[in-house]
Amino acid sequence: MNNQFENLLTKYKGEGPYLYIDNQVMIDAASGTFNLPLGYTHPRLNEKLKQQIDRCAHLSSSYTHQMSQEILKKLLPYLPAEINRMWLRDVSGSGAVECAIRMAQKATGRSGVITLYMAHHGQSLATAQISGNAFRIRDFKVVIPGSLKIPVPSNIENQSDDYDMDKYIDLDQLLEFGSNNNIACLIIEPVLGNGGNIVIPQEFYRYIRDFCDRHNIVLVADEVQTGFGRTGTLFASNGYAKSLNPDIIVFAKGAGGIGIPIGGVLMKEKMDVLEAFEHSSTSGANPLSLTALNETISIIEDEKILDNVQTNEKYLREGLFSLQDKYPEISNVRGLGYMFGFDTPSPAFAAQCIEMAASFGLIIRGARYGKSATLKVRPPLICHRAHIDEIVSKLDKTFEALTRTQTQAIA
Ligand SMILES: Cc1ncc(COP(=O)(O)O)c(C=O)c1O
């Protein structure tokens, strides 16, 4: 009997947005690993999953295709007009991003991928290579020929949706003189998640849509973090980032509702180019994942979760701005939906905040693997105003305690 394992496992118990660790209760303002829109547990989804596990946890993909198509029908009203196909063969965001790259490469006959400096697209060899955070790939050798990284157009300071494109690099010139003209796709997170909750100005979406159209480059929205309601619409591509009008949308994380692994790709018909043997994985679209995905969509609809996020977005923003007004250590509050971030004086300070917040029963997370001074606040989407009050009040206590400690240290 492996008692030690059992002891470790049963230490943790979730309930909606709360995580109980032994006797301590924590409100999770990071939604786990940004993958728990419905919290750690959701009675209706839990029940469906239990029923399914008693039937079977695995079926080969030849049996599940029709189920995926039924789920696609439910997603259609939330998708940009021409996106009407789905490839559901992954259990992770990294796998799904690779699927999108494969589609773009096969459809265009080119190989390169354009991504943003602060992007995060995954952990696999290829997706880590095209992400920012270059320290992660120092020791690993893989190259997607022709790939380029471009700077992030950021309006963090003035919080405006417009962007002066004259300040940005000329992508046409970059393509002509700085590349071998071998670009298959441009991948962008509508809000850069791991990079520091950076809200991309809408003007930039229009600019890259036009650029991709003129050069026949496939535009991919990596909605692994922004998908499934995080920004107040089911996908950012159907809300704040509408003008991106992507050819492919990648999703994972929140799609499993309470953390059930699933990853997939939604695409325009012209991108439906792969043969089954060209991209799949053993557990892709397994019945548990499909149950989670299907039920998550229904719960989002029945419990009016998008309305909840849209209604309380302002409340959360104002709560964070009130803290910014109070503490000089907080700056650049930014975000949309339930996807917010702000800057602190340094990565070391951010790490202290995370630790101090935990002592007050609050889970928050940093960015860029602890190398950033940004902190992120992204509660589960089921959170109401009372939860937001609790999160803001615990953040207040955190900063009060930290700034008091610092003042004492100076005195
Ligand atoms: C925007 C984005 N894309 C892709 C991924 C990779 O997803 P996964 O960790 O499920 O492979 C992540 C993970 O954090 C992500 O944030």
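Please rank H42, H120, fewest neighbouring Cβ atoms within 10 Å first, as an exposure proxy. Don't skip to the end; give the middle numbers.
Numbers: H42 25, H120 28.
Sorted ascending by nearby Cβ count, the order is H42, H120.
How would you classify segment 203-311 from its alpha-carbon gyration tensor, with a ≥ b ≥ c the square roots of the eigenvalues: rounded for a/c under 1.5, else prolate if a/b is greater than b/c, otherwise oblate? Intermediate values should be presented prior to the final figure.
Working: a/c = 2.84, a/b = 1.17, b/c = 2.43.
Judged from the Cα gyration tensor, segment 203-311 comes out oblate (a/c at least 1.5, b/c at or above a/b).
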Cleavage-rule hits (GluC sites (Glu not before Pro)) in segment 121-222: DSSP loop, at most 11 neighbouring Cβ within 10 angstrom
E157
Fewest Cβ neighbours within 10 Å first, please rank V218, V91, V143 accordingly.
V143, V91, V218
Can you spot the lysines whose alpha carbon is less than 30 Å from K13's alpha carbon? Ignore those fewer than 8 places along the same chain.
K48, K50, K253, K304, K371, K376, K394, K397
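Volume per residue, Å³, of the convex hull around the alpha-carbon atoms of the chain? Numbers along the way, then the final one.
Values: hull volume 67.4 nm³, N = 411.
Dividing the Cα hull volume of the chain by its residue count gives 164 Å³.
Hey, fewest Cβ within 10 Å first, where do I27, I187 land in order?
On the way: I27 21, I187 25.
Lowest to highest Cβ neighbour count: I27, I187.
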Exposed-site-free run, longest, the chain (rule: trypsin sites (Lys or Arg not before Pro); DSSP loop; at most 16 other C-beta within 10 Å):
142-303
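Filter the GluC sites (Glu not before Pro) in segment 260-328 to those in DSSP coil with at most 10 other Cβ atoms within 10 Å of their Cβ, and list the result. Numbers along the way, then the final one.
On the way: sites: E269, E275, E278, E295, E301, E303, E313, E318; in loops: E275, E303.
Of the GluC sites (Glu not before Pro), the ones in loops of segment 260-328 whose Cβ has at most 10 other Cβ atoms within 10 Å are E275.
No value in this document is a laboratory result; all are computed from the given coordinates. If you're wondering where the values come from, they're calculated on a predicted model, not measured in any experiment. So basically every Cβ, Gly included, is an ideal-geometry build from the backbone, and we count neighbours across all protein chains shown.
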